[in-house]
Amino acid sequence: MNSDWETLAVSMGYGSYEHLLRDLYINDQLTMKQISKKVGASIFTISKHMEEFGIQRRRPGGMQNLSFKRWRLFRLDQRFVFATPDVELEKLMNVDRSTIYKFKREFRTCRCV
């Protein structure tokens with residue numbers, strides 16, 4: 001790996017460029033576009049480096065994909081979902097209130113509860 005990338009990583013407080021990418025992409029859940037802006041490189045360059053380090057890409061939409069949000073709600077105990085106020089669920093699950101409302105409405109309609 002180019003020493004400029006390593007220098008950049010160290011200047012940002014990381015031990016190596018690989019640690020920087022892993023932390024930003026996996027732990028902080030930043031998109032490749034956000035990482036590219038942060039480090040001043042193209043998305044293609046970030047993608048290439050992630051591939052070199054063996055960092056698996058998330059599926060399109062990532063954590064904000066509607067089906068993924070609904071899947072997270074579905075995996076919870078439904079008694080908890082319906083007993084907990086939407087505002088609390090929003091904070092706990094990082095799912096917006098409109099998705100929670102639609103999920104509950106759909107669940108009530110199919111008489112699954």
Filter segment 96-113 down to the residues that are closer than 12 Å to residue 81 by Cβ and hydrophobic (A, V, I, L, M, F, W, C), then identify the one that is modelled with the lowest pLDDT.
-> 113
State which residue pairs qualify: first residue within 11 Å of residue 31 (Cα to Cα) and at pLDDT 80 or above and inside segment 46-66, second residue in a helix (DSSP H, G or I) and among the β-branched types (Val, Ile, Thr) in any location, beta carbons under 7 Å apart, and separation of 6 or more residues or different chains.
-> 46/35
Test each condition in (1) in contact with a Ser or Thr (Cβ under 7 Å, 6 or more places away or on another chain); (2) among the β-branched types (Val, Ile, Thr); (3) not in a helix (DSSP H, G or I) for residue 95 and report the one that comes out false.
-> (1)
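The values are calculated or read from the model by the stated rules, or taken from the named source; none is laboratory data. Values in this document were obtained by computation on a predicted structure and should not be read as measured data. Glycine gets a Cβ as well: all are built from the backbone with ideal geometry, and neighbour counts include every protein chain shown.
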